[in-house]
1. Could you check how many residues of the stretch 149-159 are surrounded by 22 or more Cβ atoms within 10 Å (Cβ to Cβ) and at pLDDT below 85?
2. Quick one: how many residues across the stretch 142-162 are under 13 Å from the mean Cα position of the chain (by Cα) and under 18 Å from Leu239 (Cβ atoms)?
3. Under 8 Å between Cβ atoms, which residue pairs at least 6 apart in sequence (or on different chains) link something in the stretch 173-189 that is on the phi < 0 side of the Ramachandran plot with a partner that is open to solvent by 90 Å² or more (accessible area, probe 1.4 Å) and part of a helix (DSSP H, G or I)?
4. If Ala28 satisfies all but one of (1) over 19 Å from the mean Cα position of the chain (by Cα); (2) surrounded by 15 or more Cβ atoms within 10 Å (Cβ to Cβ), what's the number of the condition it fails?
5. Taking the stretch 123-148 as the search range and keeping residues that are of a type outside the set (A, V, I, L, M), open to solvent by 30 Å² or more (accessible area, probe 1.4 Å) and part of a helix (DSSP H, G or I), which one is modelled with the lowest pLDDT?
6. Across the stretch 96-122, what is the total count of residues that are of a type in the set (A, V, I, L, M, F, W, C), open to solvent by less than 30 Å² (accessible area, probe 1.4 Å) and under 13 Å from Ile197 (Cα atoms)?
7. Condition first: among the aromatic types (Phe, Trp, Tyr), open to solvent by less than 30 Å² (accessible area, probe 1.4 Å) and part of a helix (DSSP H, G or I). Can you find one or more residues in the stretch 167-178 that meet it?
8. Might you let me know whether the stretch 216-230 holds any residue that is free of Cβ contacts under 8 Å to residues at least 24 places away in the same chain, under 20 Å from Arg153 (Cα atoms) and assigned to a helix (DSSP H, G or I)?
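The values are calculated or read from the model by the stated rules, or taken from the named source; none is laboratory data. This is a predicted model, so every value here is computed, not measured. We place every Cβ from the backbone using ideal geometry, glycine too, and count neighbours over all the protein chains shown. Just so you know, the surface numbers come from the protein's heavy atoms only, side chains and all, with ligands and any DNA or RNA stripped out. Shrake-Rupley method; radii C 1.70, N 1.55, O 1.52, S 1.80 Å.
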Amino acid sequence: MSEKHSIVEIWVYLSGSPLFALFITLAAYQIGLAIYKATHQNPLANPVAIAILIVASMIQFIEMPYSTYFEGAQFIHFLLGSATVSLAIPIYRGLSSLKGRSIPLIASLCTGGLVSIISAVGIATMLGADSSITGAMYPKSVTAPIAMGIAERIGVSPTLTAIFAVSTGILGAILAPFVLNALGMKAWWQRGFAIGIGAHGIGTSRAFSIHPEAGTYASLAMGMNGVVSAVAIPVIYHLFNK
């Protein structure tokens, strides 16, 4: 009986520990990654989506408050900023390959960025969403750390923006191969750049797992989109929300 009591005490301690939250997060992603590899990189088995489902189910099961979970997982959240800064490396490496492609890539970047805003905000507005939701839709196709910073600048919820950004990345990583195949787009640099604009970090990770050229152009697109959006989105938002 005392042994069972000890096990219960240990479990109660672990379930309330921030370090346990960090362990859950890392373990969930490793499980998702293993499933992704076991399915031969099937886009439907996205490791981030699987990890989110596991983490959400786990903290719900053990009744861990979100504040406790975030206290442990904030180290990973902190690394998002470092990962964003490290985008300078693939951008630098990809600059030499832009010769002869700069005009179509810049056109794609501007068009993709505008379409992502117009489509998301337009659909949300037609469905009757209030200003807090439509406002959070503006930066949803930008990588999460930059998107949250933009949200703070324009006065909308960074939390909502982060949710929309992550959801966009997951859906983009899952659906992009099917959409690009249907469009007959076969060049890896074209596929990668399109994924980087529409699905930012999660899509870029997917692109790197498929082909290095696709990953390079996806990271290039994600970085360029982040820089341009950080300047342009606040202007666009205030232009249409006077």
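1. 0
2. Here the count works out to 1.
3. Correct list of pairs: Ile174/Leu44.
4. If we test Ala28 against (1) over 19 Å from the mean Cα position of the chain (by Cα); (2) surrounded by 15 or more Cβ atoms within 10 Å (Cβ to Cβ), just (1) comes out false.
5. It comes out as Pro145.
6. Count: 3.
7. no
8. Within the stretch 216-230, one or more residues are free of Cβ contacts under 8 Å to residues at least 24 places away in the same chain, under 20 Å from Arg153 (Cα atoms) and assigned to a helix (DSSP H, G or I).
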